[in-house]
1. Looking only at region 103-117, which residues are more than 11 Å from the chain's Cα centre (by Cα) and either in contact (Cβ under 8 Å) with a residue 40 or more places away in the chain or assigned to a helix (DSSP H, G or I) (or both)?
2. List every residue pair whose Cβ atoms sit under 7 Å apart, with the two residues 6 or more apart in sequence or on different chains, where the first one lies in region 199-221 and is touching a residue at least 40 places away in the same chain (Cβ under 8 Å) and under 12 Å from residue 19 (Cα atoms) and the second, anywhere, is surrounded by 19 or more Cβ atoms within 10 Å (Cβ to Cβ) and among the basic types (Lys, Arg).
3. Does residue 225 qualify as being part of a helix (DSSP H, G or I), at pLDDT 75 or above and surrounded by 21 or more Cβ atoms within 10 Å (Cβ to Cβ)?
4. Condition (residue is part of a helix (DSSP H, G or I), within 17 Å of residue 195 (Cβ to Cβ) and at pLDDT 90 or above) applied to region 55-71: is it met by at least one residue?
5. Every residue in region 101-141 that is touching a Gly at 6+ places or on another chain (Cβ under 7 Å), over 20 Å from residue 83 (Cα atoms) and among the hydrophobic types (A, V, I, L, M, F, W, C), please.
6. I need the full set of residues from region 118-139 which are open to solvent by less than 60 Å² (accessible area, probe 1.4 Å) and either more than 17 Å from residue 282 (Cβ to Cβ) or in a loop (DSSP other than H, G, I, E, B) (or both), in order please.
7. Exactly one condition in (1) out of contact with any Asp or Glu (no Cβ under 9 Å at 6 or more places or on another chain); (2) surrounded by fewer than 16 Cβ atoms within 10 Å (Cβ to Cβ) is not met by residue 177; state its number.
8. So residue 17 passes all but one of these: (1) open to solvent by less than 20 Å² (accessible area, probe 1.4 Å); (2) under 28 Å from residue 205 (Cβ atoms). Which condition number does it fail?
Amino acid sequence: MNRIKGILYAAVSSSTFGLAPFFSITLLMIGFSAFEVLSYRWGVASIVLTVLGLFSGCKFRLSVKDFKVVFGLSLLRAITSFSLIIAYQNIASGVASTIHFMYPLVVALAMMFFFREKKSLWVLFAVLISLLGAALLSLGELDANNGNAMVGLVAACVSVFSYAGYIIGVRTTRAVRINSTVLTCYVMGLGTLFYLIGAFTTSGFRLVTDGYIWLIILGLALPATAISNITLVQAIKYAGPTLTSILGAMEPLTAVVIGVFVFEEFFTVNSVIGIILILIAVSLVVFRKQKN
């Protein structure tokens, strides 16, 4: 029963996170800057998660050393979301989300070569498969709204490495001892501060009064951010990290479906094969980790 509950939580987590491109692109099309979109997304989500954390008895006090680590992690996490937004502006959202989904491969390689984990030919094989998949994706119709495909691809790749750095940082630093809800609240809160600084120093920050726009913001901040994070923790608790990671494949698949049917993004056969190869590569790495 717990396993079924965990699978349901994992499905909700990955599918709701996959809604992020829909709400983000909608706000971008209305005229919001990337900094404004992320300020509202992370700001609202961090407030909700902080309230939930307080009600559940979480202690938010951190030592100076812990805060320094969390500050560094929040920078990596902020770079991840910002680079994904840039990717959404320039290439198909499904392609950007699929490329971002390659981060477990980077984590596995980094742990092998920099943290002395046992080297695995399976991981290297999976990386080759994923690179082939990425190459096929790059041969498809990438442009979104007359964007720059190269900028979009580079931004998506930056999100892969920055998020992998965040995951590795959580695993290998003092952050591993911090309550997950507390860590997430700090990371999102600091990220909101970074984005607000970016907004005020560039195109500015607008206060939203329109009810329709607030519905979009709440859709981005609650289902696609707060709920996806909460259900992710529950999924790991009941179903385990391996199965949760595999079901995380619903994230790019949701983004692909929304991109095709809502934003009329064009996908070729090469794109489909590329996505499948990347999903297979990530699955190979996750299953290999579980076996070890």
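1. Filtering region 103-117 for residues more than 11 Å from the chain's Cα centre (by Cα) gives 104-117.
Within region 103-117, 104, 105, 106, 107, 108, 109, 110, 111, 112, 113, 114, 115 meet the criteria.
2. Pairs that qualify, where the first residue is touching a residue at least 40 places away in the same chain (Cβ under 8 Å) and under 12 Å from residue 19 (Cα atoms) and the partner is surrounded by 19 or more Cβ atoms within 10 Å (Cβ to Cβ) and among the basic types (Lys, Arg), are 220/41; 221/41.
3. On the way: part of a helix (DSSP H, G or I): yes; at pLDDT 75 or above: yes; surrounded by 21 or more Cβ atoms within 10 Å (Cβ to Cβ): yes.
So residue 225 fits the description; yes.
4. Quick first cut of region 55-71, residues part of a helix (DSSP H, G or I) only: 55, 64-71.
Within this subset, residues satisfying the condition of being within 17 Å of residue 195 (Cβ to Cβ) are 70-71.
Filter once more, so that each one left must be at pLDDT 90 or above: 70-71.
For region 55-71, residues part of a helix (DSSP H, G or I), within 17 Å of residue 195 (Cβ to Cβ) and at pLDDT 90 or above: present.
5. Result: 136, single match.
6. Those that are open to solvent by less than 60 Å² (accessible area, probe 1.4 Å) and either more than 17 Å from residue 282 (Cβ to Cβ) or in a loop (DSSP other than H, G, I, E, B) (or both): 120, 138.
7. With (1) out of contact with any Asp or Glu (no Cβ under 9 Å at 6 or more places or on another chain); (2) surrounded by fewer than 16 Cβ atoms within 10 Å (Cβ to Cβ) applied to residue 177, the lone miss is (1).
8. (1)
The values are calculated or read from the model by the stated rules, or taken from the named source; none is laboratory data. Because the structure is predicted, anything quoted here is derived from the model rather than measured. As a convention, Cβ positions derive from the backbone with ideal geometry for all residues, glycine included, and neighbour counts pool all protein chains shown. These area figures cover heavy atoms from the full protein model, side chains too; ligands, DNA and RNA do not enter into them. Shrake-Rupley method; radii C 1.70, N 1.55, O 1.52, S 1.80 Å.
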